[in-house]
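The structure under discussion appears below in the form of structure tokens.
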């Protein structure tokens with residue numbers, strides 16, 4: 001296992017990652033985390049420690065940051081005001097750039113690229129739209145979302161996973 005002494009700063013300089021700089025390793029985030037009570041592998045304090053120590057590859061290639069529910073209980077409990085959930089978002093962003101994301105997230109991203117929505121429209125909603133004279137889908141919204149996804153690079157990442165054509 002190699003350590004990257006710059007990893008903590010990489011996370012801190014990633015949008016939403018500044019909370020890593022506030023961590024004093026007190027453990028309140030783990031003690032109050034609802035996921036940590038149920039998933040043995042999820043330990044927010046340990047994940048923050050791994051970031052501080054520079055375990056970049058181990059974190060980016062793991063599923064650890066994806067367990068977070070973003071309930072922000074960690075922020076409520078942190079005596080330093082460090083936002084572990086926000087750090088999880090930063091880690092996820094770094095992981096996605098390296099094409100590591102759970103299949104469920106990739107499927108949602110694929111849906112977003114193809115339809116402009118994370119969750120597909122259900123049949124009853126589509127029927128109701130047609131019934132009131134609306135088109136089945138919001139085509140302009142889909143085109144706008146696709147432009148954004150192309151600019152951010154997400155569509156290319158999803159295409160590289162073989163899920164959609166770019």
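Every number in this text was worked out from the coordinates using simple rules, so none of it is lab data. Everything numeric in this text was worked out from a predicted model, so none of it was measured. Note that each Cβ is placed from the backbone with ideal geometry, even for glycine, and that neighbours are counted across all protein chains shown.
Helix 84-97 axis versus longest C-alpha principal axis of the chain: approximately 60°, rounded to the nearest ten. GNM on the chain, alpha-carbon springs under 10 angstrom: the most fluctuating residue among 136, 97, 147 is 136. Which of 24, 52, 60 ends up with the largest GNM mean-square fluctuation for the chain, with Cα atoms connected below 10 Å? Maximum among the listed residues: 24. Comparing 44, 79, 65 in a Gaussian network model of the chain where C-alpha atoms under 10 Å apart are linked, the largest mean-square fluctuation is found at 79.
Anisotropy class assigned to segment 69-166 is oblate, per the alpha carbon gyration tensor with a/c at or over the 1.5 cut-off and a/b no larger than b/c.
For the chain, divide the Cα radius of gyration by the Kirkwood radius and give the resulting Rg/Rh value with two decimals. In the chain, Rg relative to Rh is 1.07.
Its DSSP H runs of at least 4 residues, each contributing -39,500 (n - 2.57), put the calculated 222 nm mean residue ellipticity of the chain at -15000 deg cm²/dmol, to the nearest 500. Distance between the pseudo-spin-label points of residue 129 and residue 10 (7 Å out from Cα toward the beta carbon): 4.0 nm.
Taking a ≥ b ≥ c as the square roots of the eigenvalues of the alpha carbon gyration tensor, segment 103-160 is oblate, as a/c is not under 1.5 and a/b does not beat b/c. For the chain, the longest principal axis of the Cα atoms and the long axis of helix 44-53 meet at an angle of about 70 degrees. Remark: 30, 2 ranked as 2, 30, counting other beta-carbon atoms within 10 Å and listing the fewest first. Our summary gives the chain a relative contact order of 21 percent, counting only alpha carbon pairs under 8 angstrom and 6 or more residues apart.
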